[in-house]
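Structure, as structure tokens:
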Amino acid sequence: MKTGTNRRRFLSTAAAGAAFAGLADFSFLGRFPAVSAQEAKPDPKIVQLNSDIEPLVRVIEDTPKEKLLEEIAGRIRKGTTYREIVAALLLAGVRNVQPRPSVGFKFHAVLVVNSAHLASLSSPDEHRWLPIFWALDYFKSQQEADVRENNWTMAPVDESRVPPPHLARKAFTDAMDKWDEAGADVAVAGLARSASANELFDLFARYGCRDFRSIGHKAIYVSNAWRTLNVVGWQYAEPVLRSLAYALLARENANNPHENDYEADQPGRKNLSLAKTFRDDWQTGTIDKSATHDLLGTIYAGSADDLCKQVVETINRGVSPQSVFDALLVGSGELLMRQPGIVGIHTLTSTNAMRYAFGACGDEETRKLLLLQNAAFLPLFRGAMKGRGNLGEEKAESIEPGEIPTDSAAALDSIFKDVANNNMSAAKKTLAYARANPNPHDFINRARTLIFLKGKDTHDYKFSSAVLEDYLNVSPAWRDRFLATSVFNLKGSGGGDNPLVKRTREALA
């Protein structure tokens, strides 16, 4: 899959495109502009994309960082659409940024595309392009980093080894089970050309959660890739799925996990058996606040094995999986509260990804595995946090409401002023605000706007998109406390705006 040549140009795939709905405010956007013959000329050493998107991908790849936003703004004025820009940004990332040494670091240029899209989709009209232009600029930084490291670019697939449709699925699962990168690359190409999107998702969701490497980024990439393809169209799937399969086989310089018993793989192997012990009607049940409370205690103090067994026992006595996800989401928020930082952030973004996969997956056994692996990951995250320093003892259930002004706007001003310098005060005020405003849309909108204006890191977008989405995925009894923990990684109102805000607005003026 690797080539050291100068970069860019991809391969076409089969599935029908998904129409993008939801950005009607951009009705002024029209057809993709004409390109020159030279601009469309392919490089035989680099995988080629569909002819409709290849020229725009090359513009993103080849335009200098300091000129890209202005170039894209000019194309928007000439008719290039939002969907085309998001598609080209995703494809430029998977073709030019290697998901190694792990699925993170510079590869956030790919991981953040869906988060930027979700932020854009939920934003007011005047901010709608800011997340996408931020992601374009970030891609250029990581493209430069990749060139400095090894100048990796995705090569064309070896067509002579691509299996026929009736053999593609088995070839893919065999290669993934054996951690065989070359075998998986040709097999996934065959699978992308023959399998449905739903069949593909069920397969990738299973492999995305099987091991605790890259602090949850594998599961995040599976869900984010699917969600972005559902926006831009499945005709662009093949290079994305090749990148995804390659990412899921990252083993961080370890020997072949198929031939070893590493700690990162042990929960997944145990949970394959444990998943078979759920009651037959396990997806039904009652919402039980006390069961969530008990699971939170194990997240804080128990092992991965302890928590997974407790999940099965809880569901088998008639409790709904929703109460388990309440514990996983609130417990993730509490881990972040106990130690704000990179590991705590990923407790929430990986739980968001696995919860999404749980809801989107059609295979019942994979859904069970996703639930158990999500549970297993949290004690492992807690262990990783202890290795980084002090892990506090604060509990989400112990947060008491703070004092806030009765005026809603003034209350938000007070909260986001504290976010910058007193997270616990902001959490207490957020709890009070959420209780006074059962549908705190103004809080969510303010939080998103501050990300647009102040955000400077991929995790600002990934985290905010995840927690603000998951607020509605938590049961009402726990929802306010979950939102309160979010302020430990949201942006406050202090400080200057990201310079890209001014540059983007000037480019689009």
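The values are calculated or read from the model by the stated rules, or taken from the named source; none is laboratory data. Because the structure is predicted, anything quoted here is derived from the model rather than measured. Using ideal geometry, Cβ is built from the backbone for each residue, glycine included, and neighbour counts are taken over all protein chains shown. These accessible areas exclude ligands, DNA and RNA; they are computed on the full protein's heavy atoms, side chains included. Shrake-Rupley method; radii C 1.70, N 1.55, O 1.52, S 1.80 Å.
Can you tell which of Asp261, Asp211 is in contact with an Asp or Glu (Cβ under 9 Å, 6 or more places away or on another chain) and not polar (S, T, N, Q)? Full working, then the answer.
Working: Asp261 fails: in contact with an Asp or Glu (Cβ under 9 Å, 6 or more places away or on another chain).
One residue alone meets the criteria, Asp211.
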- Task: Note down all Cβ pairs under 9 Å where the first residue falls in the range 275-299 and is in contact (Cβ under 8 Å) with a residue 60 or more places away in the chain and on the phi > 0 side of the Ramachandran plot, the second is open to solvent by 80 Å² or more (accessible area, probe 1.4 Å) and not in a loop (DSSP other than H, G, I, E, B), and they're at least six residues apart or on different chains.
- Result: none
- Task: Would you mention how many residues in the range 429-453 are over 26 Å from the mean Cα position of the chain (by Cα) and either surrounded by fewer than 16 Cβ atoms within 10 Å (Cβ to Cβ) or outside any helix (DSSP H, G or I) (or both)?
- Result: 4
- Members of the range 345-368 that are open to solvent by 10 Å² or more (accessible area, probe 1.4 Å), over 19 Å from His108 (Cβ atoms) and outside any loop (DSSP other than H, G, I, E, B): Arg355, Phe358, Gly359, Ala360, Glu364, Glu365, Arg367, Lys368
- Residues satisfying the stated conditions in the range 313-344, i.e. β-branched (Val, Ile, Thr), within 23 Å of the chain's Cα centre (by Cα) and open to solvent by less than 10 Å² (accessible area, probe 1.4 Å): Val324, Val330, Val343
- Over the range 410-428, the set of residues more than 15 Å from Glu394 (Cα to Cα), surrounded by 19 or more Cβ atoms within 10 Å (Cβ to Cβ) and under 26 Å from the mean Cα position of the chain (by Cα) is Phe416, Val419
- Selection from the range 479-497 of residues that are farther than 15 Å from Ala420 by Cβ and open to solvent by 10 Å² or more (accessible area, probe 1.4 Å): Arg479, Asp480, Arg481
- Note on the structure: Log entry, pairs with first residue in the range 386-399 being under 10 Å from Glu334 (Cβ atoms) and modelled with pLDDT of 95 or more, second being of a type in the set (Asp, Glu) and open to solvent by less than 70 Å² (accessible area, probe 1.4 Å), beta carbons closer than 6 Å, six or more apart or on different chains, reads Ala396/Glu334
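Residue-wise test of (1) more than 19 Å from Leu241 (Cα to Cα); (2) open to solvent by less than 20 Å² (accessible area, probe 1.4 Å); (3) not in a helix (DSSP H, G or I); (4) not acidic (Asp, Glu).
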| position | (1), (2), (3), (4) |
| --- | --- |
| Leu111 | no, yes, no, yes |
| Ala116 | yes, yes, no, yes |
| Phe133 | yes, yes, no, yes |
| Asp146 | yes, yes, no, no |
- Query: Any residue at all in the range 376-394 that is open to solvent by 10 Å² or more (accessible area, probe 1.4 Å) and within 20 Å of Leu468 (Cα to Cα)?
  - Reply: no
- Note on the structure: Here the residues within the range 153-164 that are part of a helix (DSSP H, G or I) and out of contact with any helix residue (DSSP H, G or I) (no Cβ under 7 Å at 6 or more places or on another chain) are Glu159, Ser160
- Message: Filter the range 68-113 down to the residues that are under 30 Å from Val343 (Cβ atoms) and β-branched (Val, Ile, Thr) and list them by number.
- Response: Val86, Val94, Val97, Val103, Val110, Val112, Val113
